[in-house]
Amino acid sequence: MFKSAQYQLDNSFTIVNDHTPLSEIKKKLNEYHFVVVAGGTYFIIHDHEYGLIELGGDSRPVADWLRQLKWLPSTIVTAERIVSQEVDWRRPVLVKNEREFMGVLTSAKAIEKLEGENREITAYFDTLAETINDSVTAVNEDGQVVYWNLVAEETYKIKKEFILGKKIGEHFNEEAVVLHRILNEGLPVRGEYHRPNKDTHVLINASPIMIDNKIIGGVATEQNITNILRLNEELDSNSSLLVSRKNPFSTMPTGSPKFQEALKIAQKVAHADIPVHLTGEPGSGKEMLAQAIHYGGAKADGAFITLNCSVIPPAMLEIELFGFQKETYTTEQQTLQIGRIEQALNGTLFIEDIDKMPLSIQGKLLEYLVDKSFYRVGGAEKITSPTRIITSTSDSIDVLLKEGSFNEKLYFRLSVITIDIPPLRTRKEDIVSLVEKYLREFSTKYKKTCPEMESEAILQLVNYDWPGNIRELKNTIERMVLLNDKPAITSDQLPDHIKSKLIVSHIDGKDGEIEPHELSLKNAEALEIEEALKKTYGNKSAAASLLGISRGTLYNKIKEYGLN
């Protein structure tokens with residue numbers, strides 16, 4: 001894995017035969033660090049062993065004296081196979097290549113090299129573990145923590161000095177520690193939802209560390225998704241009723257023939273307990289229509305619950321959809337999380353961006369649609385929940401079907417009734433009535449007198465393409481009502497990107513075009529985008545939803561304004 005440095009061989013040596021007298025050996029030891037005695041078996045004498053040689057007579061052959069001292073022979077190894085060959089490190093080792101002896105290697109130098117390699121590997125691991133954004137925990141075979149990075153400190157609020165060397169079960173419930181299972185079973189874990197304590201939610205990857213098929217420890221990386229879940233809860237709690245409960249379809253008046261046809265279909269299927277699939281660009285009103293179908297149908301008395309597949313991490317979607325249950329020894333210790341299908345019992349679950357749902361979960365959703373029952377993640381009890389399912393996508397699923405990334409059987413079951421909502425730019429006739437509706441709505445909300453909208457401002461709103469559709473229009477009107485202190489809203493109060501190109505009349509009577517002004521990095525829209533990104537912890541899909549624009553538009557504006 002790592003290119004190791006070469007062993008430090010000592011080439012201050014000479015080779016003599018085993019009949020050489022001790023007097024000659026003494027002379028050689030004054031000239032060289034080592035004397036190698038060759039005679040079928042190799043013996044190495046170190047210069048610091050001069051005193052032992054001096055005890056023998058000068059004329060005595062070195063082989064006789066070495067035999068009397070019971071001198072241990074030395075191992076001969078090749079440079080390429082020092083590690084793999086069996087070596088007796090009690091004596092210095094003679095290293096050779098194909099042609100000649102290269103030098104002498106002592107155990108001290110071998111240990112020094114191994115320690116250097118160990119420091120190098122440790123430095124690589126430390127740097128890697130501190131570079132990634134996830135918590136990193138490593139334990140030995142006894143479950144003692146041997147590594148705990150800074151992210152783990154921040155996630156669990158436990159300093160290294162209080163956990164290193166301690167068994168991980170001392171800080172966490174042993175049943176909740178995935179590394180214990182890794183040590184016992186030796187099987188890796190990938191993308192598993194884990195809740196090591198009541199305040200923390202993580203996705204965990206863990207693997208056993210093995211040498212010669214023996215588990216010597218385990219390492220885990222844990223992605224903290226607590227903030228993402230809190231964001232999701234905030235988005236759910238902030239989701240408002242977009243239609244009137246008593247007469248929901250009256251909330252969406254339209255002069256667009258295409259949208260009128262879509263509303264007629266929605267009204268007809270509202271009382272039929274079958275899945276409905278909605279398509280349309282982001283912000284075009286899919287959730288509004290889903291609410292109208294719910295409150296205008298047989299499930300109106302039940303809950304209306306949403307699940308946005310583009311906001312929740314894929315590994316969490318199954319738990320969010322079906323719930324989570326972990327059986328323990330006592331009922332009091334049982335972990336239970338109710339999923340969205342169960343929350344919408346006898347009501348409606350609106351699944352947004354279902355094309356972002358992983359195939360494995362699509363299969364489980366298909367099974368639920370067949371008999372209206374399912375198992376919670378980790379649970380053994382079959383749950384029955386007669387919940388209506390309405391789904392949506394911003395793009396056609398046909399491409400995904402061809403690529404094999406969407407379950408064909410699920411698509412056919414969901415799309416018995418498919419309703420396409422036309423984008424706002426094709427429904428110019430609806431913009432004036434929508435503007436008037438939102439002016440009244442937000443004036444009431446902020447307890448302000450409802451302002452008029454000057455004709456020039458109305459004209460610019462009608463001429464704008466509205467890439468964020470109704471959501472963008474609604475957010476724009478809310479902002480203007482909130483900031484306006486005058487009886488009427490003028491074109492000057494419109495956001496710069498809406499009034500960037502105006503058709504004006506010149507003195508000579510010819511129409512001309514005013515080019516867009518250079519937008520400042522800190523203009524109002526850039527600040528609004530920055531604030532949305534902060535609220536959503538940098539999640540661009542969620543930020544786009546809050547701003548009422550598409551993800552593509554948000555990416556373009558981030559690039560345009562140079563935002564990070």
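Bear in mind that the values in this text are calculations on the coordinates, not laboratory data. The structure presented is a predicted model; accordingly, all values stated were derived computationally and were not measured. Ideal geometry is used to build each Cβ from the backbone, glycine not excepted, and the neighbour counts take in all protein chains shown.
Below are the figures for this structure:
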| read-out | value |
| --- | --- |
| Residue exposure sequence - Cys309, Cys450 - by fewest surrounding Cβ within 10 Å | Cys450, Cys309 |
| Among 359-369, 539-549, the order from most to least packed when residues are scored by Cβ within 10 Å on average | 539-549, 359-369 |
| Radius of gyration and maximum dimension Dmax of segment 327-473, Cα, Å | 22.0, 70 |
| Sites Ser207 and Leu164, calculated FRET efficiency, Cβ-Cβ separation with R0 25 Å, nearest 0.05 | 0.80 |
| Calculated P(r) tail over 17 Å for segment 70-124, as whole % of Cα pairs | 42 |
| Eligible lysines near Lys326 by straight Cα distance, threshold 16 Å, same-chain separation 8 or greater | Lys198, Lys382 |
| Under 5 Å, built H, 5+ apart or other chain: amide partners of Leu278 | Thr391, Ser392, Thr393, Ile419 |
| Filter on Lys474/Lys540; Lys534/Lys557; Lys246/Lys299; Lys70/Lys113 - keep pairs with C-alpha separation over 18 Å | Lys474/Lys540; Lys70/Lys113 |
| Simple spin-label estimate for Lys214 and Lys402 in nanometres, 7 Å along Cα-Cβ | 5.7 |
| Cβ-Cβ FRET estimate between Glu31 and Glu98, R0 fixed at 30 Å, reported to 0.05 | 0.65 |
| Cα Rg, Dmax, segment 132-224, angstrom units | 12.1, 39 |
| Bins of 5 Å from zero: percent of alpha-carbon pairs in segment 35-91 | 4, 16, 26, 24, 14, 9, 6, 2, 0 |
| Order of Asp47, Asp142, Asp88 under a 10 Å beta carbon neighbour criterion, fewest first | Asp142, Asp88, Asp47 |
| Separation in nanometres of the label points that stand 7 Å from Cα toward Cβ, at Ala123 and Asn227 | 3.2 |
| Under-5 Å amide H pairs with Ile489, H placed in peptide plane, nonlocal only | Glu452, Met453, Glu454 |
| Neighbour-count order for Glu185, Glu161, Glu222, fewest beta carbons within 10 angstrom listed first | Glu161, Glu185, Glu222 |
| Theoretical ellipticity at 222 nm over the chain - DSSP helices of four or more residues, -39500 (n - 2.57) apiece, nearest 500 | -11000 deg cm²/dmol |
| Over segment 13-112 - Rg/Rh using Cα atoms and the Kirkwood inverse-distance radius | 0.97 |
| Taking all pairs of distinct alpha-carbon atoms in the chain, Kirkwood radius in angstrom | 30.4 |
| Cβ-Cβ FRET estimate between Asp395 and Ser256, R0 fixed at 25 Å, reported to 0.05 | 0.75 |
| Calculated on alpha-carbon atoms, Rg and Dmax of segment 228-422 in Å | 16.9, 62 |
